[in-house]
Amino acid sequence: MSHPQHDNTFGPDLSRVRSITRRHFFGQMKNGIGMLAFASLLREQGLAATPPQGTLFTDHLPHFAPRAKRIVYIHLAGSPPQQDLFDPKPRLTELNGQPCPDSLLEKERFAFIKGHPKILGSPYSFSPVGSAGMQASTLVPNFAKIADEVTMIRSMYTDQFNHAPAELFLYTGSARLGRPSMGSWLLYGLGSENQDLPGFVVLLSGGKNPSSGKSVWGSGFLPSVYSGCQCRSTGDAVLYTANPPDVSREARRSQLDSLASLNRMHHAEHGDPETLSRIDQYELAFRMQIAVPGVTDLSAEPRHTLDMYGIDNIAKPSFARNCLLARRLLESGVRYVQLFDHGWDVHGTNPGDDIMTQLPLKCRDTDQASAALVLDLKQRGLLEDTLVVWSGEFGRTPMNEERDGSKYLGRDHHPHCFTIWMAGAGIRRGYVHGETDDLGYRVVKDPVHIHDLQATILHAFGLNHEQLTYRFQGRDFRLTDVHGKVVHSLFA
Amino acid sequence: MFTARTQPLAIVFACAAAAAGILRPAVVQPIDKRSETIDFGRDIRPILANNCFKCHGPDDAARQAGLRLDTREGATAAPKPGQPAPITPGDPDASELMRRIASEDPDEKMPPPEVNPRGLSQDKIELLGRWIKQGAPWGEHWAFVPVTRPSEPSVKDRVWPKAPMDRFVMARLEAESLSPSIGASKETLLRRVSLDLIGLPPTPEERAAFLADESPDAYERVVDRLLASPRYGEKWARWWLDLARYADTKGYEKDDRRTIWPYRDWVIKAFNTDEPLNEFTIDQLAGDLRDRPTTDQIVATAFHRNTMTNDEGGTDDEEFRVAAVIDRVNTTMEVWQGLTFGCAQCHSHKYDPITQTDYYRLFAVFNNTQDSDKADESPTFALGAGDAQRRIEELDRIINDANKAIDREVAALAEEAPPSEPPSEEISVVDDHLPGAVEVYVDDAVRPWPWSTPLARKEIGLPEGPKAVSGTRCWHTGGEGVAQTFFHKLGPALAIGVGGELSVSVYIDPASPPKGIMLQWISVEDTWSHRAYWGDASAIPWAKEDEGSAKRRRIGDLPAAGEWVRLTVPASVVNLENHSITGWAFAQAGGSAYWDAATVRANAPQKPRDYIRSLAAWIEFEKARDAVTLPPQLRASLKSKDPTDAELAALRAYYLRYVNPVTTARVSAKENLIAAAGEQRRKLARNATELPVMRELVDDKKRTTRRFNRGSFLAPAEEVHPGIPGFLSRVSPAQVENRLDLARWLMADSNPLTARVLANRVWEQVFGSGIVETVEDFGTQGAWPTNRELLDQLAITLRDECGWSLKAFLRTLVTSATYRQSSAAPAQLLALDPGNRLLARFPRVRLDGEMIRDSALAASGLLSGKMFGPSVFPHQPEGVWQMIYNDDAWRQSEGEDAHRRSVYTFWRRTSPHPAMTTFDAPSREFCVSRRIRTNTPLQAFVTLNDPQFVECAESLAGKAEQAGGNAGSRLAVAFQRVLCREPTRQEQDELVRAFEAQRRLGASDRAALVRVCSIILNLDESLTKE
């Protein structure tokens, strides 16, 4: 067609997107649409179907050899306090209860802190773990088992200090709604490796959705096939996958055979390839009805595996159960598994959100399973090309929040520094990246911005974050907006 | 050549499927690839735009080397003296541009690798060379030149065209040596036009009537019947509501409900009454600014109140007010102008001639409405309860006038220190004034304290209530359900010692006694966990689990009504001994009560509250505690290092009005009036439907608009005045000061874009894709029109011939010969024109989610015809709504409300109905011009397994059974209800086979019938407009 203005590979030509996506919902081809676009490009160029060396083409995907094939992102929604888990600050303990220095308050906006807050030393003690100088508090005893597998980043920072915008920022690169999430970008770029399962699965625990709602796994302006598929703990794992109560699998098979036969008759009349595609999608759905319950059925898991994750009842929704589910999904070729665990917003307004009661509960529910997931992936040889990320959306203040004079200990939202860890897929084993100041208020060494983290994750998948773009409303959009630098030192 | 990459790959992938993943080239070259004469706009500008404009385009800030290539003047002049001009018209060899794009030297080569690592292809270089040789003719972008009526092309086939538009289609087909498809069958055409005009398939009766009608205008009469159907407005509203980003919630984190469905109803009615699109536009953008606006015109302005509101704690209202204004600018320009304005928020557009100042000119037009991201969605308009809106406006005026009078009085008052209170065992907490600086909540919102005097209440028309038992005034609480009035954040806290007591006088309204009353205190140590109550134990449920403890203690029965009763609570029973309180709440379950003389017998030394005695002391006090009770504006002033005189005056006024008890008393009569009017206003609002609407700020409150550096509201730069973008004002000049001017300019004949954009949007709804495929982008980065003359012809038709009547325009479209073609796609035609850009057939497109559900409901006889009203809740699986900070639950509607048309389904932005989103419905957070049509297995699950569709299959089976006969004939009835045609012999055989197969698998006759009906509802044809 004579539209040279759509030079960009992934332009807004809907008929094209449509024809691609319907065939690639679950990545029937080994590679995603990037590869397809590239292949068709080669065809148009009259070139052989082998990718040329180097970067002659900016838009062939992946852009370079990937280290990661899949990712599980563990999100502690609400954001855990780094000072009480992984970034010990003896100075805070010394200054505990004293008004914080004025310099910390200048030009600051807090979500809830009012007046002049007081320093809050961690009530928990720390001990060294692993061989790289990491420390972990008594709240996360199992972390010691994986300390030498992970890179701990103590120098994360973000631009946002409220949950919804910060979560959107982390997953879509923008604090406002409407952009595609990281998982959608990955699926868009790389497709999926399983024909019968969604390529991007979301698992929730803690009883609530994340603050920003489904937008953090939405596809934004990318076609909806790239959005995350929520795998639910109760009812159908994937919405509407269960047949009506009286319809058996045989009955459904028979229905689909007739349906396909009728659709083919119609296709013979009309010749629209979309009809054939629809037949395929119904067949895919039929396979998915087996694949989804299969992968989500934990009853075949041996007792010792359940014990490793700390699962006592496989039917009960929990974070630990989601970790094990994540492993099974990753094992089955799901590209991106996103975990959200609600309940980490420890402001200290009551025992349900404080550091003495709620935080230990949350840690108890997640520490063992997070470590188990890394170890389980390792023993199955999956950790080599599976990226594991553990993070909140921002950090928490070194000061006690004391909202309305509350006597419960808690910390307010804090965008200037927080700690996350990553493992697998070529990430350095046993390495601490970055440092915060004495009070744990700001980063003093090797800062890593949210956009840098995104660029680094895409890099692990062999994608150049500046080149993975999509044209929308006249602009080329990317996950990292116009920012982001790959942190190469995180890789071994 | 790269251009070919936009070729639709449908065929390619069909082949790919057959060849197990191996891609094969299409056999026939698509038509659009054939080269024609060079057109600057279509062929040259995109090359320059994509490769050069980023550094040499309209954005002054980004321009390199002083060179611009987006204008002919720039491209043909020397950027600096002595340097060669990029383009020497007629002479490619002398053109620096040609030398640089062909250069192998990395320092010279253009575009640089970071813009285009491959460099320009040989084809493009040759194209540029030929164009320069032809004299480098420039041209304005096609969409920015005025619409003129194109001359009708001559065509060989004079029989086929029915409407002028058909000649344009025919001319193009003849140029490609193609002919149009045969006409669709009567049945196909009837179903097609029903779906297009009313979004529902024809009923068996409508089908029979049409098939029996052999008169020559039978079809035209069907069209007229459909256009007159009330279903028409419901169908077309869906389209508009995507653009208007209509939803039933506010968006963002909390995503609370909002009442804005009257706007949805207005849209449906406006389509049904065929309000001309120019009036339709002006009503929505500026109905409130019209001369004596009608209620409908006010309701229409809710169009731009569909912006999101952020109720999350700790968010800056100004930030999200600005976000809403930005959304209004972007949406307006996208909907009516087809321009992607968003880029210019931060910097001048890189490709289109839109400057950042142009952006803020439009921002200024929208920047003077009263709304400011408030949780109560003000300003609102009350609908429904008689003349509620008029009375509310009256009360608003009373409140406004009283506030102004207080401002004046206070400004004239001298500061006057109250006499120091003698130490007393009984400390007055609230009597005729509040205890110093506090924050007051009434019915869950920050409001003035509800003071009550018989005089003020009488003046407002409320029951007078009792005289105060102490001082000159008491306070009144009341309302529906469990409600509370409280103050908190008192500083310093009131210390209570051993043996302390808390007392208040209450007057239970004999005309309306509450079921129970409750006092609560907030202590520094323990938050609001000190409660004492009287009356029914189940009346107020708070802290039910702590019954009998200090957290919730029943003191006695409800006090006698109609007299003042003194209530006294020993501090010990509510665990307040040795505690310090900072707030006190007065709660009740229904009814009405008056309160007076809240006191504390403290039995403990108190920190003095000296700050109330002088402005300076109060300011110091507030500074020390971060001004926690002050409104944001005052808080900012207080913290400002260098407050202005106006800011100081505002602080002083606040102190005199609310903090100092002596001066407070001077304005108490007016405060009492404000309290009474506020109560009356809330009462009226509760009984009415309050809809957020647009209202302009009065002159002295108008905001100054400044350009924001990099689009950040925290970085205001120079002032900008309202106006339209410069490049459009050259073609279509207008003085635009406000929204009304803007709306009129948009709909003016001289505006080059509106008629094209709207005609294209309607065309897309009917023909599946736009003549300009990027319906949202008519700028230089948008798609080139597939048939420019056709689009201009349609624009003229819509604007001039139909006088902006959508119905008349649709009638033209659906009675055309182009529309009546068959949608069959013979292999040859499919290969030649896979995207159906030439319209040698009718396009086959999948229905949208709403139409799929509505059609299934209609065919199975379940669809309710009930129109309008609050949104409804059809079946949705458990657990889909799970929101933080929001316990709102999806409670399934009962009766026919479960089967209403989908346009009435409740739309939560963070969680729209899953059956709709699976079929590509947007979130409605922002304006969406085009829904993508995907084809996924999750869609199969919806139409096969969603209980709504299962119910449809069951009901359809019921209809089939009623028809009687054997399985074949019953299934034929079901088939026909869905598809408006008889099954072929072959199809009917297959349906019967399917039925028998299900019987063999053990299904009863009825169950087998249901399962085959489900097959019918899932046919590709059922999900498609043929």
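Only the coordinates and a few stated rules stand behind these numbers; no lab work does. This is a predicted model, so every value here is computed, not measured. Methodologically, a virtual Cβ is constructed for each residue, glycine included, from the backbone with ideal geometry; neighbour enumeration extends over all protein chains shown.
Here are the numbers for this structure:
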| read-out | value |
| --- | --- |
| For the protein assembly as shown, diffusion coefficient by Stokes-Einstein and Kirkwood Rh (Cα), 10 °C, 1.306 mPa s, µm²/s | 45 |
| Contact order normalised by residue count of the range B:768-904, Cα under 8 Å, 6+ apart, percent | 18 |
| Neighbour net charge for A:LEU170 - beta-carbon separation under 14 angstrom, K R +1, D E -1 | -3 |
| Environment charge at B:ARG191 (Cβ cut-off 9 Å; Lys +1, Arg +1, Asp -1, Glu -1) | +2 |
| Neighbour-count ranking [beta-carbon atoms within 10 angstrom, fewest first] of B:ILE771, B:ILE182 | B:ILE182, B:ILE771 |
| Using alpha carbons only: equivalent-ellipsoid semi-axes of the range B:757-900, gyration tensor based, whole Å | 37, 19, 19 |
| Cross-link pairs beyond the 30 Å C-alpha cut-off, checked among A:LYS89/A:LYS378; B:LYS670/B:LYS702; B:LYS250/B:LYS702; A:LYS118/B:LYS489 | A:LYS89/A:LYS378 |
| Anisotropy class of the range B:589-727 from Cα gyration tensor, a/c 1.5 cut | oblate |
| Spatial separation of Cα centroids for the range A:282-316 and the range B:905-983, in angstrom | 31 |
| Percent of beta bridges antiparallel (DSSP, the protein assembly as shown, rounded to nearest 5) | 75 |
| Scattering curve values for the range A:323-389, log₁₀ I(q)/I(0), Debye with Cα scatterers, q = 0.28 Å⁻¹ | -1.19 |
| Distance violations [Cα-Cα > 26 Å] among A:LYS107/B:LYS701; A:LYS407/B:LYS623; A:LYS114/B:LYS683 | A:LYS107/B:LYS701; A:LYS114/B:LYS683 |
| Degrees, to the nearest 10: A:249-270 long Cα axis against longest axis of chain A | 60 |
| Positive-end residue of A:SER181, A:HIS75, B:ALA163, charge dipole of the protein assembly as shown with Cβ unit charges | B:ALA163 |
| Debye, to nearest 20: dipole size of the range B:808-866, +1 on Lys, Arg Cβ, -1 on Asp, Glu Cβ | 100 |
| Kirkwood hydrodynamic radius of the range B:426-655, Cα pairs, Å | 18.5 |
| Distance from the range B:840-871 to the range B:388-450 (C-alpha centre basis), Å | 55 |
| Cα gyration tensor, the range A:156-234 - rounded (a/c under 1.5), prolate or oblate | oblate |
| Whichever aspartates and glutamates have a C-alpha closer than 20 Å to that of B:LYS133, once near sequence neighbours (fewer than 8 apart) are set aside | B:GLU36, B:ASP39, B:ASP43, B:ASP70, B:GLU73, B:ASP91, B:ASP93, B:GLU96, B:ASP123 |
| Cα radius of gyration and Dmax for chain B (Å) | 35.2, 106 |
| Ranking of A:VAL140, A:VAL388 by count of other Cβ atoms within 10 Å, fewest first | A:VAL140, A:VAL388 |
| Relative frequency of Cα-Cα separations exceeding 26 Å in the range B:175-312, percent | 45 |
| Space enclosed by the convex hull of the alpha-carbon atoms of the range B:556-659, per residue, Å³ | 168 |
| Net charge over other residues, Cβ less than 13 angstrom from the Cβ of A:SER489 (K, R count +1; D, E count -1) | +1 |
| Alpha-carbon radius of gyration plus Dmax, which is the widest Cα pair, for chain A in Å | 23.9, 82 |
| Inter-label distance, nm, simple model (7 Å from Cα along the C-beta direction), A:ARG249/A:GLU384 | 3.3 |
| Eligible lysines near B:LYS1025 by straight Cα distance, threshold 30 Å, same-chain separation 8 or greater | B:LYS33, B:LYS162, B:LYS186, B:LYS235, B:LYS269, B:LYS807, B:LYS866, B:LYS959 |
| Nearest-ten-degree value, helix A:319-331 long axis tilted from longest Cα axis of chain A | 40 |
| All aspartates and glutamates inside 16 Å of A:LYS445 as judged from Cα atoms, apart from same-chain residues fewer than 8 positions distant | A:ASP87, A:GLU435, A:ASP437 |
| Hypothetical label at B:ASP989: residues of the range A:238-270 whose amide nitrogen lies under 18 Å (7 Å Cα-Cβ projection) | A:257-269 |
| Residue pairs, from the table A:LYS69/B:LYS54; B:LYS54/B:LYS80; B:LYS551/B:LYS639; A:LYS362/B:LYS551, whose Cα atoms sit over 29 Å apart | A:LYS69/B:LYS54; B:LYS551/B:LYS639 |
| Rounded, prolate or oblate (a/c below 1.5 giving rounded, otherwise prolate when a/b exceeds b/c) for the range B:963-1026 by Cα gyration tensor | prolate |
